[in-house]
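Below is one structure, written out as structure tokens; comments come after it.
The values are calculated or read from the model by the stated rules, or taken from the named source; none is laboratory data. What you are looking at is a predicted structure, and each value in this text was computed from that prediction instead of being measured. Cβ: placed from backbone, ideal geometry, glycine included. Neighbour counts: every protein chain shown. The area values use the complete protein model at the heavy-atom level, side chains included, leaving out ligands, DNA and RNA. Shrake-Rupley method; radii C 1.70, N 1.55, O 1.52, S 1.80 Å.
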Amino acid sequence: DTAVSQTPKYLVTQMGNDKSIKCEQNLGHDTMYWYKQDSKKFLKIMFSYNNKELIINETVPNRFSPKSPDKAHLNLHINSLELGDSAVYFCASSPTGTLYEQYFGPGTRLTVT
Amino acid sequence: GQSLEQPSEVTAVEGAIVQINCTYQTSGFYGLSWYQQHDGGAPTFLSYNALDGLEETGRFSSFLSRSDSYGYLLLQELQMKDSASYFCAVRPQGGKLIFGQGTELSVKP
């Protein structure tokens with residue numbers, strides 16, 4: 001009974017391609033996030049949505065486009081992939097008002113060759 | 001600007017007590033969270049301090065001093081399964097968490 005799920009778990013692709021990562025949470029939370037974790041394990045927020053509305057966009061290149069069709073889903077589409085996009089991407093969710101306690105998905109390891 | 005400092009690595013033996021410190025500098029501050037992440041796994045929430053003092057949850061405790069911009073995570077009765085990375089994260093103004101670089105804890109037998 002997974003709380004926050006992501007697909008795919010692994011993604012290997014070539015530079016210049018476009019790819020998407022999907023995220024779903026069944027916790028009933030209003031807020032969802034995308035994080036990027038680099039090879040040094042630095043975890044940085046990219047986007048945050050509250051009830052399908054974008055509330056945080058952390059100066060991410062516009063090749064990255066999030067989309068939230070409903071409050072249980074948050075997808076990430078990446079255009080024209082670059083080598084530097086290789087990282088682990090985590091989706092997370094939290095109830096509104098308790099963003100300090102976030103529930104993370106298992107992560108998607110993206111490798112761009 | 002906003003910054004967090006925590007040690008990059010800590011090593012301890014089974015059964016011991018270890019403290020992982022975190023100092024922060026932020027514009028606005030609501031509280032300090034701690035997360036655990038095993039290799040290949042997802043970060044999982046451990047604790048949150050909004051007020052000064054010690055919060056205890058089983059073998060783990062977390063402390064905050066707002067006046068010193070400092071907190072720590074205390075792990076007691078260390079077990080091998082506690083080997084993981086531990087992240088402090090501050091909640092400044094703006095509705096997000098800022099994570100530290102993480103402390104890799106190695107527990108030896």
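Translational diffusion coefficient of chain A (Stokes-Einstein, Kirkwood radius from Cα pairs, 37 °C, 0.692 mPa s): 236 µm²/s.
Peptide packing: for A:65-75, B:97-107, the average count of neighbouring Cβ atoms within 10 Å per residue gives the ranking B:97-107, A:65-75, highest mean first.
Rolling a 1.4 Å probe over the heavy atoms of the protein chains gives region A:1-57 an accessible area of 56 Å² per residue.
Taking every residue in A:98-107 and counting other chain Cβ atoms within 10 Å of its Cβ, the average works out to 6. Need one value: the accessible area of A:ARG109 in square angstrom, 1.4 angstrom probe, rounded to the nearest 10. Counting only protein heavy atoms, the figure is 120 Å². Heads up, I need the accessible area for A:ASP18: 1.4 angstrom probe, whole protein in place, Å², nearest 10. Approximately 80 Å² for this residue.
Residue by residue along B:94-101, Cβ atoms of other protein chains within 10 Å of the local Cβ number 6 on average. Ordering B:PHE60, A:PHE90, A:PHE42 by accessible surface, largest first, gives A:PHE42, B:PHE60, A:PHE90; the 1.4 Å probe counts only protein heavy atoms, with every chain in place.
Computed over region A:23-62, relative contact order equals 29 percent, with contacts defined as Cα pairs under 8 Å that lie 6+ residues apart.
Across region B:70-85, rounded Karplus estimates of 3J(HN,Hα) from the backbone phi angles (6.51 cos²θ - 1.76 cosθ + 1.60, θ = phi - 60°) give 8, x, 8, 10, 10, 10, 9, 6, 3, 10, 4, 5, 7, 4, 5, 9 Hz, Gly and Pro being marked x.
Quick check: from the Cα gyration tensor, does region A:1-41 come out rounded (a/c under 1.5), prolate or oblate? In terms of gyration-tensor shape, prolate.
For Cα pairs less than 8 Å apart in space and 6+ apart in sequence, what is the mean separation divided by the residue count of chain A, i.e. the relative contact order in percent? Over chain A, the number comes to 37 percent.
Annotation for region B:1-30 versus region A:69-86: alpha-carbon center distance of 31 Å. Counted over chain B, the DSSP beta bridges are approximately 90% antiparallel. The equivalent ellipsoid that matches the C-alpha gyration tensor of chain B spans semi-axes of 23, 14, 12 angstrom, in descending order.
A 30 angstrom limit on the alpha carbon distance is what I want to check against. Which of A:LYS22/B:LYS108; A:LYS36/B:LYS81; A:LYS9/A:LYS44; A:LYS44/A:LYS67; A:LYS40/B:LYS108; A:LYS71/B:LYS81 exceed it? All intermediate terms of the calculation are to be shown ahead of the outcome.
Details: A:LYS22/B:LYS108 38 Å; A:LYS36/B:LYS81 25 Å; A:LYS9/A:LYS44 19 Å; A:LYS44/A:LYS67 19 Å; A:LYS40/B:LYS108 23 Å; A:LYS71/B:LYS81 35 Å.
As for pairs spanning more than 30 Å Cα to Cα, those are A:LYS22/B:LYS108; A:LYS71/B:LYS81.
Accessible area per residue was computed with a 1.4 Å probe on protein heavy atoms; B:MET80 scores about 90 Å².
Seen from all directions on average, the protein assembly as shown presents a Cα convex hull projection of 12.3 nm².
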